[in-house]
1. Considering each residue of segment A:61-73, count those that are surrounded by 15 or more Cβ atoms within 10 Å (Cβ to Cβ) and either of a type in the set (Val, Ile, Thr) or out of contact with any helix residue (DSSP H, G or I) (no Cβ under 9 Å at 6 or more places or on another chain) (or both), and give that number.
2. Look at B:Ala57 and say whether it is outside any helix (DSSP H, G or I), of a type in the set (A, V, I, L, M) and either crowded, with 23+ Cβ neighbours inside 10 Å or in contact with a Cys (Cβ under 8 Å, 6 or more places away or on another chain) (or both).
3. May I ask you to verify whether A:Leu143 is away from chain B (no Cβ under 14 Å) and within 19 Å of the chain's Cα centre (by Cα)?
4. Could you please find all residues in segment B:193-213 being buried (at least 23 other Cβ atoms within 10 Å of the Cβ), aliphatic (A, V, I, L, M) and within 10 Å of another protein chain (Cβ to nearest Cβ)?
5. For segment A:106-124, which residues satisfy the criterion of being more than 19 Å from the chain's Cα centre (by Cα) and at the interface with another protein chain (Cβ under 10 Å from one of its Cβ atoms)?
6. Among the residues in segment B:159-177, are any surrounded by fewer than 23 Cβ atoms within 10 Å (Cβ to Cβ), within 11 Å of another protein chain (Cβ to nearest Cβ) and in a loop (DSSP other than H, G, I, E, B)?
7. In segment B:191-219, which residues are of a type in the set (A, V, I, L, M, F, W, C) and under 23 Å from A:Val167 (Cβ atoms)?
8. Out of the residues in segment B:125-140 that are more than 22 Å from B:Tyr75 (Cβ to Cβ) and of a type in the set (Asp, Glu), which is nearest to the other protein chains (Cβ to nearest Cβ)?
Protein chains: 2
Amino acid sequence: MVDKPAVVDAYKVEGKVDYDQFARTYGLKLIDGELEKRIEKYAGPLHFLLKRRIYYAQREMGWLLDEYEKGNKFYIYTGRAPSHEMHVGHLLPFVMAKWLQDKFRAEVYIQIPDEEKFLAKDAPEPDAMKSLAMDNVLDIIALGFKPGLTKVFLDTEYAKTMYKQAVRVSKHITFSTMQAAFGFGNDSNIGKIFYTSMQAVPAFLKSVQEGKNVPCLIPLAIDQDVHFRVARDVIGKLGYYKPASIYTKFLPSLDGLAKMSSSDPIGAVYLNDDPETVKKKIGKAFTGQQATAELQRKHGGDPDKCVVCQYYRYFFEPNDAKLKKILDGERSGTLLAGEHKAHLAEAINAFLKAHRAKRERAREKLDKFMMRD
Amino acid sequence: MVDKPAVVDAYKVEGKVDYDQFARTYGLKLIDGELEKRIEKYAGPLHFLLKRRIYYAQREMGWLLDEYEKGNKFYIYTGRAPSHEMHVGHLLPFVMAKWLQDKFRAEVYIQIPDEEKFLAKDAPEPDAMKSLAMDNVLDIIALGFKPGLTKVFLDTEYAKTMYKQAVRVSKHITFSTMQAAFGFGNDSNIGKIFYTSMQAVPAFLKSVQEGKNVPCLIPLAIDQDVHFRVARDVIGKLGYYKPASIYTKFLPSLDGLAKMSSSDPIGAVYLNDDPETVKKKIGKAFTGQQATAELQRKHGGDPDKCVVCQYYRYFFEPNDAKLKKILDGERSGTLLAGEHKAHLAEAINAFLKAHRAKRERAREKLDKFMMRD
């Protein structure tokens, strides 16, 4: 099988993504030892997502830390476009945002663009998506965001604030730019053509609200970078700091493809999946192990290709020593697929059980997080 | 001098407009005696703007009156995109809306799209336009709109309501459509490409708010029709009634060209012009009279070309018998330019003085009119 060139844009990720190539193409810097040290100076030991280079690239982090050293604190902006229930991979930007909030006592803005997938895909319109969007919000704040330091908003509920700023952005972006950056054509609807202006707003909104420039850091998956490639210069033209950003790779799909997709239920573990479903899904996960136990014991496997290993790496084994043991077991052939998968399913189910309990508790304090006009 | 073909689009009106041609091109029906009678049945004697065919064309008025007869009352939607002070010509849609409100006890929605001219022209951004926009609102409600039956809103202040509905509209409009209808190109900014969705919303917003279909009537100048040509079918697709509309011609510019333009101060009488300025401007108005008083007395003039006559016809002489006397005087040559203009300047100044007094009184009750999220 020959890999097709990967597609990574705002509304489609397909094929095997070459992350380093992506970084070179779009001028991202790889996260390196020097940056690690600068972050550790303030944050203490790095989050494993950074250490393991799952967050692997960045823009303007040097500048952001320079400002921080001068006493110019940053805020964090990330978001989630609702269209389906959330799966584990969707949590990656929020896990990082939460860690940064804790370590830098940073305010976090969380945009829930409840119009985006309606405009760009086949999701229901905002009113019909409301309950789903609020379920997504619960999954997010269940991660432990601090009330008072975290502001969550649905675009349509916060549109009095957002639209006026989006209008300012939109004046500086032409249809040509959207064609080139997003691949839009003459048959694209004018809502999705405009939408990128809404996604740009939270990257400078705190500066508008405070009446002075506040640096912004965006943790995001690489497919969302296109919005900010388009918006960065505009934000600068409007007189605000261009945002800094750090980029996560995609949690692989259970079948071993690039990205866990929420529109492909087999490839994704949903936060609502019951224990049996998780066991079944992980049972079918791609490991790349040899055809028989005997061969596997003899030749071993490849942890980079084994989705079960990657799940531990991305999410379910924060402890580096324990992770190493798992990856070594896969590599050496001592860890066979059945046991490997059973353990992961247990870890996922333990996480999901705790997560759902936190989500129920989050429900009670929801109002402390929501910004509405 | 050969007339160039007229340009009539949402953001430019140039040349001598052929109104009948416009109606034929876009499928408007001319207002006729039969429709007059149907309106008079409910409204009593027609407003002179209708009688004189300054409001000359319509869409769906037959349907609107059918619904009215069934007890299905309509509301009225019109608006004003702020960019400059208002001039007399800008009042035409509001004079008609006010008359319709009185005669049909209809609710009136007045949209003030404070982002439109920023996106489509060189007007300041919404925050910087706020005070000008509110001055425009005062000029509008000074015409006598009923509080409680009139809802005025700035797009950016009412965006929580508007944006969600505009998103629904925008999904059904492609860039191709905007290219064809508005002449937009690849270099057009994505804000003005989206904007037409915002202008469509008030044509069905009352139906959304009431949870049932309410007919809508839009009095507008012909250059604004393009927005609704694009939106009509979309509004239908969303399950709402397509709006009915009646179309006014443009008050001629003082120099005799097609449309009084607010960006050309010499061609327009502003609502803020002081008496001396009005006298000077009307003194320079185009009448088309003969080169000398003697020749004028001998040959007479053409009331259709005389801007002074047209000002009386459009605005300053509601009484048909008195208007006839003025037009006859112009035609026969008994009414010379000096006297003709001096009288008009007096009439305008009397109107403006009263208008400004009403505007001051409107200031106190402004809050009764404004809708904000």
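1. Residues in segment A:61-73 being surrounded by 15 or more Cβ atoms within 10 Å (Cβ to Cβ) and either of a type in the set (Val, Ile, Thr) or out of contact with any helix residue (DSSP H, G or I) (no Cβ under 9 Å at 6 or more places or on another chain) (or both): 2 in total.
2. yes
3. Yes.
4. Matches in segment B:193-213: B:Ile193, B:Met198.
5. Result: A:Phe118, A:Leu119.
6. yes
7. Listed by number, the residues that qualify are B:Ile193, B:Phe194, B:Met198, B:Ala200, B:Val201, B:Ala203, B:Phe204, B:Leu205, B:Val208.
8. Per the stated criteria, the residue is B:Glu125.
The values are calculated or read from the model by the stated rules, or taken from the named source; none is laboratory data. Not measured: the values here are computed from a predicted model. All Cβ positions, even for glycine, are placed from backbone atoms using ideal geometry, and neighbour counts span all protein chains on display.
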